[in-house]
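See structure below.
The values are calculated or read from the model by the stated rules, or taken from the named source; none is laboratory data. What you are looking at is a predicted structure, and each value in this text was computed from that prediction instead of being measured. We place every Cβ from the backbone using ideal geometry, glycine too, and count neighbours over all the protein chains shown.
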């Protein structure tokens, strides 16, 4: 199967993988967001939050990582796994390896938040710190070449997509007849699975992605019709900051995503404030981005609608959270209009 052949991502395949992973992942709750602010903003529209912030490792990433880890051939298991990440994926890959009884050496950017580095180590991984970008991925490639480790990609590939499809399957089962689903976008690992599941069950349900303006590789890829690599990434939402789109995830987005919008870092921080004050959830910037997208570029499209909002993660340290919240409070009225 070529990288851009997405025909194997069927409803049956997604359901089968979801069943296979049932003992490994948490079936996270879907809860309504009861909020006068949201009622006003959406003219009575309903928001149902899919709480992947309560997944193992604190983000949806556990689903894709364990899906890939479980697919490793038996004769490759002894060599273990590796991964390259700024944070969340490294934690998830380390957890998935421990879950499957595999050794893990994960490569993290030297600029990674110490909180996330500590979490990866707590999951039993050996952490190697390298400069961001090519150096991080280059070290992971060396571990594959020299030690025979299996590389668990942070977002690309059918096993990742089949794993994250469980988010969409559960959402559609728990909250039938949604009009739209809003998903944060980094490399496309989450939205590829969610969108495929949503469209397979209800083709009329819209799927909207939200990217940081400073890390808009998927938006740019859709504009030119092919995956692009950014010259630079500049966003507070580091877990949404891969500098490129890749063929499989891009093809899935082209097939199943209705639109992708962008939000600024100020809007992302304001979205975090809304999540804390209205939903009572302390989330990371990636989850704040989804809320920001709902309240700003997507608001008019979602008024009066039943909307699913994927709360993708909450791996943020206390000091960093407070700084981002302070920034967001100054932009809250601009985001909400109130």
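Suppose we filter the range 148-163 for residues that are part of a helix (DSSP H, G or I) and surrounded by fewer than 23 Cβ atoms within 10 Å (Cβ to Cβ); how many remain?
Residues in the range 148-163 being part of a helix (DSSP H, G or I) and surrounded by fewer than 23 Cβ atoms within 10 Å (Cβ to Cβ): 2 in total.
Here's the yes/no breakdown for (1) buried (at least 22 other Cβ atoms within 10 Å of the Cβ); (2) within 18 Å of residue 314 (Cα to Cα); (3) modelled with pLDDT of 95 or more:
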{"residue": "217", "(1), (2), (3)": "yes, no, yes"}
{"residue": "228", "(1), (2), (3)": "no, no, yes"}
{"residue": "253", "(1), (2), (3)": "yes, no, yes"}
{"residue": "264", "(1), (2), (3)": "no, no, yes"}
{"residue": "270", "(1), (2), (3)": "yes, yes, yes"}
{"residue": "273", "(1), (2), (3)": "yes, yes, yes"}
{"residue": "276", "(1), (2), (3)": "no, yes, yes"}
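Of the conditions (1) within 26 Å of residue 298 (Cβ to Cβ); (2) outside the structural domain of residue 164 (by TED's automatic domain parsing), residue 53 satisfies every one except a single condition; which number is it?
Exception for residue 53: condition (2).
Restricting to strands (runs of 3 or more DSSP E) lying wholly in the range 1-114: which have 1 or more residues that are free of Cβ contacts under 8 Å to residues at least 60 places away in the same chain and surrounded by fewer than 16 Cβ atoms within 10 Å (Cβ to Cβ)?
30-32
Here's the yes/no breakdown for (1) in contact (Cβ under 8 Å) with a residue 60 or more places away in the chain; (2) in contact with a strand residue (DSSP E or B) (Cβ under 6 Å, 6 or more places away or on another chain); (3) part of a loop (DSSP other than H, G, I, E, B); (4) crowded, with 22+ Cβ neighbours inside 10 Å:
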position: 118; (1), (2), (3), (4): no, no, no, no
position: 143; (1), (2), (3), (4): yes, yes, no, yes
position: 146; (1), (2), (3), (4): no, no, no, no
position: 165; (1), (2), (3), (4): yes, no, no, yes
position: 183; (1), (2), (3), (4): yes, yes, no, yes
position: 199; (1), (2), (3), (4): no, no, no, no
position: 203; (1), (2), (3), (4): no, no, yes, no
position: 210; (1), (2), (3), (4): yes, yes, no, yes
position: 214; (1), (2), (3), (4): no, no, no, no
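Working only within the range 255-264, note down all residues that are in a helix (DSSP H, G or I) and touching a helix residue (DSSP H, G or I) at 6+ places or on another chain (Cβ under 7 Å).
The answer is 256, and nothing else.
Just give me the residues in the range 93-149 being on the phi > 0 side of the Ramachandran plot and more than 21 Å from the chain's Cα centre (by Cα), in sequence order.
101, 124, 148
Which condition does residue 134 not pass, out of (1) under 18 Å from residue 156 (Cβ atoms); (2) in contact with a strand residue (DSSP E or B) (Cβ under 6 Å, 6 or more places away or on another chain), if it passes all the others?
Only one criterion is unmet by residue 134, namely (2).
Quick grid of which residues meet (1) out of contact with any helix residue (DSSP H, G or I) (no Cβ under 9 Å at 6 or more places or on another chain); (2) farther than 16 Å from residue 59 by Cα; (3) modelled with pLDDT under 95:
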| site | (1), (2), (3) |
| --- | --- |
| 114 | yes, yes, yes |
| 165 | no, no, no |
| 188 | no, no, no |
| 198 | no, yes, no |
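What's the total number of residues in the range 151-182 that are over 16 Å from residue 89 (Cα atoms) and more than 14 Å from the chain's Cα centre (by Cα)?
Of the residues in that region, 13 qualify.
Scan the range 284-338 for residues that are in contact with a helix residue (DSSP H, G or I) (Cβ under 9 Å, 6 or more places away or on another chain) and assigned to a strand (DSSP E or B) and report the count.
The total comes to 6.
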